[in-house]
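The values are calculated or read from the model by the stated rules, or taken from the named source; none is laboratory data. All figures in this text were calculated on a predicted structure; none of them were measured in a lab. When we count neighbours, we look across all protein chains shown, and the Cβ atoms used for this are built from the backbone with ideal geometry, even at glycine.
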Amino acid sequence: MGVESHPVVQNGIEAGDRLAATLGAHRTVGGVCTVFVRRTKSAVFVWMGDPPSLRIGSLTDDAPVTDRLDMIAVILTDAGISTRVSSDIRQDLWRKLVFIASFGGVAALSDASAGLCAASRGLEG
């Protein structure tokens, strides 16, 4: 990757753009981490469901998929982080936000786990 690449994954729709403003858009990679965990007690979390994964993609519209992104994905995958290149990372970021905002709100208001909410009658896919 060299000095010219800074793959950093931050929470938030605007985080990548903020980093790009400082580091340069050509040096910044957008990312979405997907992991499902359950807190069992304070500071103790149990992984659930599919293995954690990472999607990375260009924050510029002129080069949605590049060799550099493919190389970063290979390096991360070789390091044990399941990674794929997204052709539209901004869409992926918004999908995650919509999911968290809606599903997380239901879980918080009902004081129920995500699994319990998903198993509730009438909410089946």
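Could you check residue 78 against (1) farther than 30 Å from residue 107 by Cα; (2) surrounded by 12 or more Cβ atoms within 10 Å (Cβ to Cβ); (3) modelled with pLDDT of 90 or more and say which number it fails? Here residue 78 clears every test but (2).
Reported count of residues in the range 61-99, each being touching a residue at least 40 places away in the same chain (Cβ under 8 Å) and part of a loop (DSSP other than H, G, I, E, B), is 1.
When 65, 44 are screened for being of a type in the set (Val, Ile, Thr), exposed (fewer than 13 other Cβ atoms within 10 Å of the Cβ) and out of contact with any Leu (no Cβ under 9 Å at 6 or more places or on another chain), only 44 passes. Restricted to the range 21-60, and to residues there that are assigned to a loop (DSSP other than H, G, I, E, B) and of a type in the set (A, V, I, L, M, F, W, C), the residue that is nearest to residue 78 (Cα to Cα) is 59. Of the residues making up the range 4-20, just one is part of a strand (DSSP E or B) and free of Cβ contacts under 8 Å to residues at least 40 places away in the same chain, namely 6.
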